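Participant: There's a structure below that I have some questions on.
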Amino acid sequence: MSLAGRRIAITGAGRGIGLAIARAASGGGAHVALGDLDEETAGAAAGSLPNAHAFALDVRDRDSFSAFLDGATDAMGGLDVLVNNAGIMLIGPFATQSIEDVERMLDINVVGVANGVQLAIPIFERGGRGHIVNIASSAGRVAVRGGAAYSASKFAVRALSAALREELRGTGIELSAVLPGIVKTELADGIKEVRGAKSATPEDVAAAVVRVIERPRPETTVPRELTAVMWLLDTLPARLRVRALRAMGAHDSFWESDDAARAAYEARARGFDPALRG
């Protein structure tokens, strides 16, 4: 199905992957609603795109999410697609990671997605069709040290997506999960490169989301080459799997990340600096 005329709401759309999705969708003729905790950033982004609208959105807050979908539906004359993109990544040894960091990731990455799904389904049911796209992560298939809480949140999104897909079968509502690997955004600042797993750009992920919207499929990995790597790792016994991850450098990609390079992003992700909040 063509993007032209489709009405798409995107969370976490003020920057990074979310903004790239908004640009790609708008460029394909879709109407887009950009939701972000940083309304000013979302507004500036929407102002640079045709048929775009910006809204303040805290995905953790159900009333905020409901207001976003209501506003998007009113502004665009309906809603065809919700892209649950908002998410953060705070990494480090789980034993010393603050419970506040863990809770923040689970609230944004999991509860935020759950809020979006539960609020969008009735809208789509009334129209007889719709599509929910959940942005998960390859960390939702392969967990490595230093990323325990983040991986837990993305495993949850992947499992939620798989179960909901069965619940929605036959309703006219599609549900897809997109699993990027390492993406060249500030979320991945300071993360070590993984051998055999090419990094993606936000535009790569956006292109995959557009393809999924045009031709729905249950799950998509970005970049595509990562699909074979994930499949191979899934087939290996536990000990060989760990050896393979070590050989690729994935075992230490979070564990040996550059804290200084990640400082600005993690401060914004924690909401320490209102000027960086989002």
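The values are calculated or read from the model by the stated rules, or taken from the named source; none is laboratory data. Predicted model, so just to flag it, every value in this text is computed and none were measured. All Cβ positions, glycine included, derive from the backbone under ideal geometry; neighbour counts span all protein chains shown.
Participant: Which of the residues that make up segment 166-182 are closer than 23 Å to residue 12 by Cα and modelled with pLDDT of 95 or more? Can you show your working first?
Facilitator: Of all residues in segment 166-182, those closer than 23 Å to residue 12 by Cα come to 173-182.
Answer for segment 166-182, where residues must be closer than 23 Å to residue 12 by Cα and modelled with pLDDT of 95 or more: 173, 174, 175, 176, 177, 178, 179, 180.
Participant: When both residues are 6+ apart or on different chains and their Cβ atoms are under 9 Å apart, which pairs have a first residue that lies in segment 218-244 and is under 16 Å from residue 140 (Cα atoms), and a second that is among the charged types (D, E, K, R) and assigned to a loop (DSSP other than H, G, I, E, B)?
Facilitator: Between residues of segment 218-244 that are under 16 Å from residue 140 (Cα atoms) and residues that are among the charged types (D, E, K, R) and assigned to a loop (DSSP other than H, G, I, E, B), the close pairs are 221/141; 223/198; 226/198; 230/141; 233/141; 234/141.
Participant: Something else: Collect the residues in segment 227-278 that are basic (Lys, Arg) and either at pLDDT 90 or above or more than 19 Å from the chain's Cα centre (by Cα) (or both), keeping them in residue-number order. Give the derivation first.
Facilitator: First pass over segment 227-278, keeping only residues basic (Lys, Arg): 239, 241, 243, 246, 262, 268, 270, 277.
Matches in segment 227-278: 239, 241, 243, 246, 262, 268, 270.
Participant: Could you say which residue among 196, 140, 190 is in contact with an Asp or Glu (Cβ under 6 Å, 6 or more places away or on another chain), more than 20 Å from residue 22 (Cα to Cα) and modelled with pLDDT under 95? Full working, then the answer.
Facilitator: Working: 196 fails: in contact with an Asp or Glu (Cβ under 6 Å, 6 or more places away or on another chain); 140 fails: in contact with an Asp or Glu (Cβ under 6 Å, 6 or more places away or on another chain).
Selected residue: 190, the only one of 196, 140, 190 that is in contact with an Asp or Glu (Cβ under 6 Å, 6 or more places away or on another chain), more than 20 Å from residue 22 (Cα to Cα) and modelled with pLDDT under 95.
Participant: Name every residue in segment 11-44 that is of a type in the set (Val, Ile, Thr) and surrounded by fewer than 24 Cβ atoms within 10 Å (Cβ to Cβ), in order of residue number.
Facilitator: Of everything in segment 11-44, just one residue is of a type in the set (Val, Ile, Thr) and surrounded by fewer than 24 Cβ atoms within 10 Å (Cβ to Cβ), namely 41.
Participant: Can you tell me which residue in segment 228-263 is nearest to residue 174 (Cα to Cα), limited to those that are hydroxyl-bearing (Ser, Thr, Tyr) and crowded, with 16+ Cβ neighbours inside 10 Å?
Facilitator: Our first condition is that a residue be hydroxyl-bearing (Ser, Thr, Tyr); within segment 228-263, this holds for 235, 253, 257.
Checking the rest, the ones that are also crowded, with 16+ Cβ neighbours inside 10 Å come to 253, 257.
Values: 253: 34, 257: 37 Å.
Ranking the qualifying residues of segment 228-263, first place goes to 253.
Participant: For segment 199-227, give me the residue count where each residue is within 21 Å of residue 169 (Cβ to Cβ) and of a type in the set (D, E, K, R). Write out each step before concluding.
Facilitator: From segment 199-227, those within 21 Å of residue 169 (Cβ to Cβ) are 212-220; that's our starting set.
Within this subset, residues satisfying the condition of being of a type in the set (D, E, K, R) are 214-215, 217, 219.
Of the residues in that region, 4 qualify.
Participant: Tell me which residues, restricted to segment 199-220, are under 17 Å from residue 21 (Cβ atoms) and modelled with pLDDT under 95.
Facilitator: Selection gives 200 alone.
Participant: Go through segment 91-144 and count every residue that is buried (at least 17 other Cβ atoms within 10 Å of the Cβ), of a type in the set (D, E, K, R) and more than 29 Å from residue 172 (Cα to Cα).
Facilitator: Number satisfying all stated conditions: 2.
Participant: Six or more apart or on different chains, Cβ under 6 Å: which pairs go from a residue in segment 65-89 that's surrounded by fewer than 21 Cβ atoms within 10 Å (Cβ to Cβ) to one that's assigned to a loop (DSSP other than H, G, I, E, B) and not acidic (Asp, Glu)? Could you list them?
Facilitator: 73/79
Participant: Scan segment 186-203 and report the pairs whose first residue is of a type in the set (Ser, Thr, Tyr) and surrounded by fewer than 20 Cβ atoms within 10 Å (Cβ to Cβ) and whose second residue is in a loop (DSSP other than H, G, I, E, B) and modelled with pLDDT under 90, with Cβ atoms within less than 9 Å and a gap of 6+ or a chain change.
Facilitator: Correct list of pairs: 199/193.
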